[in-house]
Amino acid sequence: YETARVYADEVGGDGEHRHVLMFLCSLNDPGLTIFPTHRLLDGLADDTAKQQAIREALMRDFDVEQVSRDELEPPSPSNGDRPVQLGYMDSFHKQPYRLTLKDQSIADAALQGKPAPYRRLDTAVLEAIVLKGALGMSEDDISHLRGLGYSKSFDDAREAVESGRYDAGFFMRATPVEQVSEVADAGESMPPKSTYFYPKIPTGLVFNVLE
């Protein structure tokens, strides 16, 4: 939708470019769910300063628990009223960890100016504390995937770290549909790659001459 609006503004004036196809689904549909999208990091192998920055941020802001490799992906929450929780593993030690935010006030401080529902998002807290905070990534770095990758598959993400294709991975929980609704009601957009709705409607390309 945002891309369609930008394109319409670039073309300007009235016309077919001002219309876009949409699909509407009830948020209460029992079959609707959101799958997690895991975050993968590279560019750390030769940068000990960044490795140290991540380590310090995690030890400072999270309770860190060793888990098995099959427990890297934390269990999905039943609602949004729960501590932020992530899985973490790097390719240097290959030790899986469960990370639980020590206190919500940490997220509130890192995301000042954002509404309360947004400050409870796992993806938003990870972006603020680790990607932007510890690693110093900009919005442009994140949007252009500089030092960052994504995977919708837990097995693929875990293999990417264990094999060294990526230097580290954060393994995400599924976001409850209710939490997305709360963020939208607060007038905020979700962070990138945090609304992998399922089931997917069929998609394709249709070319239309607009000139």
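The values are calculated or read from the model by the stated rules, or taken from the named source; none is laboratory data. Because the structure is predicted, anything quoted here is derived from the model rather than measured. Cβ atoms come from the backbone with ideal geometry, glycine included; neighbour counts cover every protein chain shown.
Taking into account only those residues within segment 83-118 that are among the β-branched types (Val, Ile, Thr) and within 15 Å of residue 73 (Cβ to Cβ), which is farthest from the chain's Cα centre (by Cα)? By that ranking, first place goes to 100. The condition of being part of a strand (DSSP E or B) and surrounded by 17 or more Cβ atoms within 10 Å (Cβ to Cβ) holds for only one of 99, 126, 131, that being 99. For segment 136-195, how many residues meet the condition of being touching a helix residue (DSSP H, G or I) at 6+ places or on another chain (Cβ under 7 Å), closer than 30 Å to residue 24 by Cβ and not β-branched (Val, Ile, Thr)? Count: 11. Taking segment 1-68 and the strands (runs of 3 or more DSSP E) fully enclosed by it, the elements with 2 or more residues that are in contact with a Leu (Cβ under 8 Å, 6 or more places away or on another chain) and surrounded by 13 or more Cβ atoms within 10 Å (Cβ to Cβ) are at 38-41, 62-66. Residue count for segment 101-122 satisfying the condition of being among the small types (Gly, Ala, Ser), farther than 17 Å from residue 63 by Cα and in contact with a Leu (Cβ under 7 Å, 6 or more places away or on another chain): 0. Please work out if residue 180 is over 21 Å from residue 99 (Cβ atoms), part of a helix (DSSP H, G or I) and within 13 Å of the chain's Cα centre (by Cα). Yes: the conditions hold for residue 180. Scanning segment 149-174 for residues that are loosely packed, with under 15 Cβ neighbours inside 10 Å and in a strand (DSSP E or B) yields a total of 1. Quick one: which of 72, 131, 121 is more than 19 Å from residue 51 (Cα to Cα) and modelled with pLDDT of 95 or more? The match here is 121. Scan segment 88-117 and report the pairs whose first residue is within 27 Å of residue 51 (Cβ to Cβ) and touching a residue at least 12 places away in the same chain (Cβ under 8 Å) and whose second residue is among the β-branched types (Val, Ile, Thr) and assigned to a loop (DSSP other than H, G, I, E, B), with Cβ atoms within less than 6 Å and a gap of 6+ or a chain change. If the second residue must be among the β-branched types (Val, Ile, Thr) and assigned to a loop (DSSP other than H, G, I, E, B), the pairs left are 96/67; 98/67; 101/84.
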